[in-house]
Amino acid sequence: MRGWLRSLIGLGQQVVMLLQDNQRFLHLLSQIEGIATRVLAIGMLLVVIVAIVDLGRILTVELLSPPVGQFSLELVKIFGLFLNVLVALEILENITAYLKTHVSSQIVELVIVTSLIAIARKIIILDISQPETVAKLLGLAIAILALSASYWIVRRLNYRRRP
């Protein structure tokens, strides 16, 4: 037999053995999950850096264009840019928390807080002059109530479990 065919058959046998041994397979899955999480963390870090650079560029242009020292953009839009960076940082924190601990209840707590921050950002940048604003506010209020209740429940459960 040719060398490449022998190698291919050997690889196939190893895959079959891996699939039959649950511990080895779970270990492989854990390694792949760790690599994927690290790649996501690096990608999110790049997003945060680009968002900060973009925010710095916009602030510089806004402050240095006439009239100097004043914003021509609405302040709400500038707040939205800051909150975008904060949401990205929260997502990065979620990813790093996942790398540090695989305790799902703690990760759920972080995800809920991130969701609350994202909804708060949406409320801050909401355009009040639009006709559908009332419906959007109602939907956001319901989402905040649901997330707040979820956060309270998860927080209480986490507090009881801690030594």
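A few comments on the model shown:
- The number of residues in segment 86-116 that are in contact with a Leu (Cβ under 7 Å, 6 or more places away or on another chain), of a type outside the set (Gly, Ala, Ser) and crowded, with 16+ Cβ neighbours inside 10 Å comes to 5.
- Scanning segment 18-51 for residues that are in contact (Cβ under 8 Å) with a residue 24 or more places away in the chain, open to solvent by less than 90 Å² (accessible area, probe 1.4 Å) and not small (Gly, Ala, Ser) returns 37, 44, 45, 47, 48.
- Residue in segment 152-161 that is buried (at least 16 other Cβ atoms within 10 Å of the Cβ), touching an Asp or Glu at 6+ places or on another chain (Cβ under 7 Å) and in contact (Cβ under 8 Å) with a residue 40 or more places away in the chain present: yes
- Residue pairs meeting the criteria (Cβ under 6 Å; at least 6 apart or on separate chains; first farther than 19 Å from residue 74 by Cβ and in contact (Cβ under 8 Å) with a residue 12 or more places away in the chain, in segment 122-151; second part of a helix (DSSP H, G or I) and of a type in the set (A, V, I, L, M)): 140/119; 140/123; 143/119; 144/119; 147/112; 147/116; 150/112; 151/112
- Among the residues of this structure, residue 93 counts as one that is in a helix (DSSP H, G or I) and without any contact (Cβ under 8 Å) to a residue 24 or more places away in the chain.
- Condition check for residue 2: modelled with pLDDT under 75, of a type in the set (Lys, Arg) and either in contact with a Leu (Cβ under 8 Å, 6 or more places away or on another chain) or surrounded by fewer than 10 Cβ atoms within 10 Å (Cβ to Cβ) (or both): yes
- Some residue of segment 152-162 being farther than 19 Å from residue 110 by Cβ and in a helix (DSSP H, G or I): no
- The set of residues in segment 113-151 that are part of a helix (DSSP H, G or I), among the polar types (S, T, N, Q) and over 19 Å from the mean Cα position of the chain (by Cα) contains only 133.
- Segment 95-108, subset touching a helix residue (DSSP H, G or I) at 6+ places or on another chain (Cβ under 7 Å) and modelled with pLDDT under 85, residue farthest from residue 58 (Cα to Cα): 105
- Filtered residue count, segment 135-156, keeping only those that are of a type in the set (A, V, I, L, M) and in contact with a helix residue (DSSP H, G or I) (Cβ under 6 Å, 6 or more places away or on another chain): 5
The values are calculated or read from the model by the stated rules, or taken from the named source; none is laboratory data. Keep in mind it's a predicted model, so treat the numbers as computed, not measured. Positions of Cβ are backbone-derived with ideal geometry, glycine not excepted, and every protein chain shown enters the neighbour counts. Note: areas computed on protein heavy atoms with side chains; ligands, DNA, RNA excluded. Shrake-Rupley method; radii C 1.70, N 1.55, O 1.52, S 1.80 Å.
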